[in-house]
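Before any comments, here is the structure.
The values are calculated or read from the model by the stated rules, or taken from the named source; none is laboratory data. Since the structure is predicted, the reported quantities are computational estimates derived from the model, not experimental observations. Glycine gets a Cβ as well: all are built from the backbone with ideal geometry, and neighbour counts include every protein chain shown. Only protein heavy atoms, including side chains, enter the accessible area calculation; ligands, DNA and RNA are left aside. Shrake-Rupley method; radii C 1.70, N 1.55, O 1.52, S 1.80 Å.
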Amino acid sequence: MGTSPCAQCGQPLTEGARVCTQCGAKVAQPSFAAQTMLGFSSPFAKPQAPAPAAPVAPLANAPMAQTMLGFAAPAELRNLVPGAPAAAPAPTPPAARPNPIGQKTMLGVAAPGIAPAASAPAPIAQKPMALGGGTMLGVAMPGIAPAHSQPGVVPHALREAPPQQQAPRQFIQAPLPQALPAPAPFMRDVAPAAPIVVAPRKGFPIAIVALIGGALVLGFGVVLLVVARTSAPIAATAKVSAEGKEQLHLRCDSCKDGTTAMLATSKATFKNKEADLDLPAPLAIGDNGFQIQIDRPGVGRDETVKLVLPLAYRIRGDVSEIGATPPVIKVQVEAAPGVSVVVDGKPIALDGSGKAAVTYDVSTETTGPAEARTIERKIPYEVTGKDKNKSTGEVAVRVGVLALQLDAPGAQMTTEDASIWVAGHTAKGAEVTANGTALVVSADGSFEGKVDVAPGPQAIVVRAGPAHDAAAKAAPRTINVNVKRALSIAAEPADKPTNIDGATPGQAITISGSVVEARAAHHHTILLVDVKRCTASPCLVRIDLGEESTIRANDWVLASGVVSKPITTPEGKTLTVIDAAFVRKAAHK
């Protein structure tokens, strides 16, 4: 309970004070202490003289003008209700009202056993009370409503203060709720490792062609030689690396791991007393002399070792002319005087320099449509030295062949046009020509281009070869197409349709029937034809035409071509395939 001001001078009074310490005025005790919370007179309070009650103007059933129990609301609340009549000025106090509200129950009946208190003092004019200063029933709450010390006198605390003396209102803003949780503490991550940059390799992709190998056989390069200021000899033999390079295979029992051997710009490191040293130039037939620098780790002895290696013969495979016309592989032979050589069962005649070459034509393996494949030859040999000792073995030659497939034209074609489309696919990075005219090759290996054709029959040679900057050589592949430029396809002679039963690949054939389905795309047409000259019914045949055709389903056609390799449908049926030279509409017979 807070302090109240003196009714005469406004000096704040201490709690329970009976006399003002400023002016000496007698402090009247508040009347609300004589009532209970329900408004009855307290049995412990002393009776006080009642003040005359001011008459209250009747309130016309306005909202909020009555309490919940139907009693008239206090004037402070009526002033806040819109449309409610304003409180009249306080008149001369009339006679005291009988039965003040504190002497009744909540329903307005006098409480039994409670003596009626003296009349309440007359109300005084007050500043309208704020809405929050009353209870739900409109009665001032004890301890909150201002206590009146003298009848008819406005307490000092409730007097209007001059505008300039009013204290500014203070607003206390409640803290805003936290919208997001506090971020996690900063953690310093470990920097990622630097990316590994792989430099792109130029040239033909090795994955598409098989590894090219030309085996090299070095004979009678018998161990050796020795010596210079060292008690332990260094032995050497000739060999060929997996990459086809000629090497010296060194053996040194006194060389620890980490010892290096150097010859010109070539360098090798010993491990388990052995090292392979690349030769800067191929070995010659006869004696080959070398000076090899040996560098031992730490305080080991460094020295220069002189070696002499005799070579009696050399036999190696050669694919340098695999791109020639026709493509060939070779076996190159070199031998010392008095040495005889037999290759693939045939004696070899050496020239005056002791050299010879055996050539093998591989046109069959590189002609015709096919996917990538490898040519591999193992060629036996026999060498007899001057001492009549014999040495036998074989040279293995392996070379990859590029893939090449044609969508247009087919193996043969009859056309009325002055130029035809050549389209298909090959290996990535390959170059494609048609009769020497370069075609456009996409990154995925697909290609296309137009080629002029002269009147009459002719051959078009489509060739796929490795690019000029290919990292590895590969055999080119060629497809020969027989093309005939005719004045009219309709007038082109054709054999009578034959029975399709028993047709074999490579057989020339003419068929007629109704088109069940037709598809044309990328300079190519596929027809599914129900052939009538056949024991089965329906008898479906697939026709491949190397150009885009206007023939559609339900057309009756006549087709002439060559039987190709059959195919199997997803349903397990086998279809005969015809590589057509031409297909034309015909009358139904």
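So that you can scan it fast, the table gives a plain yes or no per residue for (1) modelled with pLDDT under 90; (2) surrounded by 20 or more Cβ atoms within 10 Å (Cβ to Cβ):
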| residue | (1), (2) |
| --- | --- |
| Gly300 | yes, no |
| Leu307 | yes, yes |
| Ile315 | no, yes |
| Val342 | no, no |
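Could you tell me how many of the residues in segment 390-402 are open to solvent by 10 Å² or more (accessible area, probe 1.4 Å), touching a residue at least 60 places away in the same chain (Cβ under 8 Å), of a type outside the set (Ser, Thr, Tyr) and farther than 13 Å from Asp344 by Cα?
Result for segment 390-402: 1.
Out of segment 468-481, which residues are in a strand (DSSP E or B) and either of a type in the set (A, V, I, L, M, F, W, C) or more than 19 Å from Thr367 (Cα to Cα) (or both)? Working first, answer last.
If we filter segment 468-481 for residues that are in a strand (DSSP E or B), which is where we start, we get 475, 477-481.
Result: Ala475, Ile479, Val481.
Among (1) in contact with a Phe, Trp or Tyr (Cβ under 9 Å, 6 or more places away or on another chain); (2) at pLDDT 90 or above; (3) in a strand (DSSP E or B), there is one condition Gly258 misses while meeting the rest; what is its number?
Evaluating Gly258 over (1) in contact with a Phe, Trp or Tyr (Cβ under 9 Å, 6 or more places away or on another chain); (2) at pLDDT 90 or above; (3) in a strand (DSSP E or B) leaves (3) as the failure.
Anything in segment 324-340 that is part of a strand (DSSP E or B) and either open to solvent by 20 Å² or more (accessible area, probe 1.4 Å) or under 24 Å from Leu283 (Cβ atoms) (or both)? List them, or say none.
Ile329, Lys330, Val331, Gln332, Val333, Glu334, Ala335, Ser340
One residue is enough: does segment 340-350 have a residue meeting the conditions closer than 11 Å to Tyr313 by Cβ and in contact with a Leu (Cβ under 8 Å, 6 or more places away or on another chain)?
Yes - at least one qualifying residue is present in segment 340-350.
Please verify whether Ala284 is under 29 Å from Ala335 (Cβ atoms), open to solvent by 40 Å² or more (accessible area, probe 1.4 Å) and over 48 Å from the mean Cα position of the chain (by Cα), treating the condition exactly as stated.
Yes, satisfied.
Need pairs with beta-carbon distance below 8 Å; first residue touching a residue at least 12 places away in the same chain (Cβ under 8 Å) and under 11 Å from Ser391 (Cα atoms) and within segment 335-348, second open to solvent by 70 Å² or more (accessible area, probe 1.4 Å) and assigned to a strand (DSSP E or B); sequence gap 6+ or separate chains.
Ser340/Pro347; Val341/Pro347
Within the set of pairs 6+ apart or on separate chains, which have a first residue in segment 245-259 that is at positive phi, a second that is part of a strand (DSSP E or B) and modelled with pLDDT of 90 or more, and C-beta atoms under 9 Å apart?
Listed by first residue and then by second, the contacts come to Gly258/Thr269; Gly258/Lys271.
Determine, yes or no, whether Thr265 is open to solvent by 40 Å² or more (accessible area, probe 1.4 Å) and touching a residue at least 60 places away in the same chain (Cβ under 8 Å).
no
Give segment 230-246 a look and list any residue that's surrounded by 14 or more Cβ atoms within 10 Å (Cβ to Cβ) and either of a type in the set (Val, Ile, Thr) or over 47 Å from the mean Cα position of the chain (by Cα) (or both), or say none.
Answer for segment 230-246, where residues must be surrounded by 14 or more Cβ atoms within 10 Å (Cβ to Cβ) and either of a type in the set (Val, Ile, Thr) or over 47 Å from the mean Cα position of the chain (by Cα) (or both): Thr230, Pro233, Ile234, Ala235, Ala236, Thr237, Ala238, Lys239, Val240.
Restricting to segment 548-582, and then to whatever is closer than 15 Å to Ser514 by Cα and of a type in the set (Ser, Thr, Tyr), can you tell me which residue is least open to solvent (accessible area, probe 1.4 Å)?
Restricting to residues being closer than 15 Å to Ser514 by Cα and of a type in the set (Ser, Thr, Tyr), the top hit is Ser560.
Name the residue that is nearest to the chain's Cα centre (by Cα), counting only residues in segment 405-441 that are among the polar types (S, T, N, Q) and open to solvent by less than 60 Å² (accessible area, probe 1.4 Å).
This residue is Thr426.
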